[in-house]
Amino acid sequence: MSLSVVKYGELVLRQKGARIERMTPDLKKFIDQMFETMYHARGLGLAAQQVGRALQLTVLDIREATGRPSTLEIEGKTVDAADFMPLVLINPEIKPLGEPVPGPEGCLSFPEIYCDITRPESIEVKARNEKWEQLSFRCGGLLARAIQHEYDHLQGILFIDRMTREQKAEFKPELEALQAETKAALAAKKRNGLQ
């Protein structure tokens with residue numbers, strides 16, 4: 001079952017995710033629902049906050065973005081990132097490695113808003129997967145960008161927080177309209193007793 005993607009203006013997007021202590025059947029089901037939601041929305045990544053739960057959990061699958069290369073290195077060996085998709089990261093920790101570079105980003109919680117965001121080109125990642133196995137790898141390109149974008153969500157940070165002052169000014173009307181629309185939808189839900 002596909003979940004609803006939370007839009008800009010909902011408080012959960014600003015909440016830091018709680019650490020996950022163990023894999024449970026409910027969590028496994030939630031991960032499956034997150035993937036279904038991400039694929040349905042044609043996204044490359046989705047954080048738990050984006051579907052209303054403040055947890056240290058994100059899912060990713062970059063295989064559809066064939067025009068934007070990724071690198072992946074496990075135990076010093078270069079491997080094909082596509083072979084490791086889809087990817088679940090639980091309680092991820094990241095360490096920046098490369099120089100900061102600008103690159104295009106969008107977000108399912110900000111429909112139709114795309115902007116160049118500057119982030120480290122490569123990172124080191126440690127996390128657990130859906131089998132509760134420990135993962136450790138280095139990555140670059142689109143995969144590194146996607147993981148950093150989702151990691152920010154887990155800390156309650158949004159990609160608009162990474163925009164320059166000029167970019168924020170440019171997108172101000174769209175952001176204000178989206179926030180107002182979200183607040184109106186939440187108020188309507190509350191009035192109808194759905195929340």
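Read the figures in this text as sums done on the coordinates, not as results from a lab. Just so we're clear, the structure is a prediction, and the values are computed from it rather than from any experiment. Here the Cβ positions follow ideal geometry from the backbone for every residue, glycine too, while neighbour counts run over all protein chains shown.
Apply 1/(1 + (r/R0)^6) to the Cβ-Cβ distance of Glu174 and Ser136, taking R0 = 41 Å, and write down the FRET efficiency to the nearest 0.05.
On the way: r = 39 Å, r/R0 = 0.94.
Between Glu174 and Ser136 the formula returns 0.60.
At 0.36 nm per residue, minus the direct Cα-Cα distance, what do Asn192 and Thr118 gain on full extension? Give it in nm, one decimal, please.
Details: separation 74, 0.36 × 74 = 26.64 nm, distance 4.18 nm.
Taking 0.36 nm per residue and subtracting the Cα distance, the gain is 22.5 nm.
Could you check the spin-label model distance between Glu99 and Arg165? Points 7 Å from the Cα along Cα→Cβ, value in nm.
With each label point 7 Å from Cα toward Cβ, the separation is 2.6 nm.
Taking other Cβ within 10 Å of each residue's Cβ, how do Lys95, Lys126 sort, fewest first? Before the final figure, lay out the partial values.
On the way: Lys95 11, Lys126 14.
Ascending Cβ contact count within 10 Å gives the list Lys95, Lys126.
If I model a spin label as a point 7 Å beyond the Cα along the Cα-Cβ vector, how far apart are those points for Ser2 and Ala185 in nm?
Between Ser2 and Ala185, the simple spin-label model gives 1.3 nm.
Across 10 Å bins from 0, what is the distribution of all Cα-Cα pair distances for the stretch 11-163, in whole percents?
Computed distribution, short to long bins: 11, 45, 37, 7, 0.
Taking a threshold of 28 Å on the Cα-Cα distance, which of the pairs Lys29/Lys172; Lys16/Lys172; Lys29/Lys168; Lys131/Lys189; Lys16/Lys126; Lys7/Lys77 fall above it?
Values: Lys29/Lys172 37 Å; Lys16/Lys172 24 Å; Lys29/Lys168 37 Å; Lys131/Lys189 37 Å; Lys16/Lys126 18 Å; Lys7/Lys77 39 Å.
Check vs 28 Å cut-off fails for Lys29/Lys172; Lys29/Lys168; Lys131/Lys189; Lys7/Lys77.
Before rounding to the nearest 500, sum -39500 (n - 2.57) across all DSSP H runs of length at least 4 in the chain and divide by the residue total; then give [θ] at 222 nm in deg cm²/dmol.
On the way: 3 runs with 57 residues, N = 195.
Computed ellipticity for the chain at 222 nm equals -10000 deg cm²/dmol.
Express in nm, to one decimal, how much length is gained between Val12 and Gln155 on full extension, taking 0.36 nm for each residue of separation and deducting their alpha carbon distance.
Working: separation 143, 0.36 × 143 = 51.48 nm, distance 1.08 nm.
In short, 50.4 nm is gained.
Applying the Karplus parametrisation 6.51 cos²θ - 1.76 cosθ + 1.60 with θ = phi - 60° to the phi angles of the stretch 86-94, what ³J(HN,Hα) value in whole Hz is obtained for each residue in order, glycine and proline being reported as x?
Result, ordered by residue: x, 10, 10, 10, 10, 6, x, 10, 10 Hz.
Can you order the peptides 39-48, 184-193, 171-180, 114-123 by their average number of other Cβ atoms within 10 Å per residue, highest first?
Working: 39-48: 20.0, 184-193: 10.6, 171-180: 13.3, 114-123: 17.8.
Result, highest mean Cβ count within 10 Å first: 39-48, 114-123, 171-180, 184-193.
When Lys and Arg each count +1 and Asp and Glu each count -1, what net charge do the other residues less than 10 Å away from Tyr39, Cβ to Cβ, add up to? Display every interim value, and only then the final one.
Working: positive: Arg42; negative: Glu36, Asp61, Glu64.
Here the charged neighbours net out to -2.
Mind checking the full-extension length gain between Tyr39 and Val79? Use 0.36 nm per residue of separation minus the Cα-Cα distance, one decimal, nm.
Numbers: separation 40, 0.36 × 40 = 14.40 nm, distance 2.39 nm.
In short, 12.0 nm is gained.
With θ taken as phi - 60° and the coefficients 6.51, -1.76 and 1.60, list the Karplus ³J(HN,Hα) couplings across the stretch 140-154 in order, rounded to whole Hz; mark glycine and proline as x.
x, x, 4, 4, 4, 5, 4, 5, 5, 4, 5, 4, 4, 3, 5
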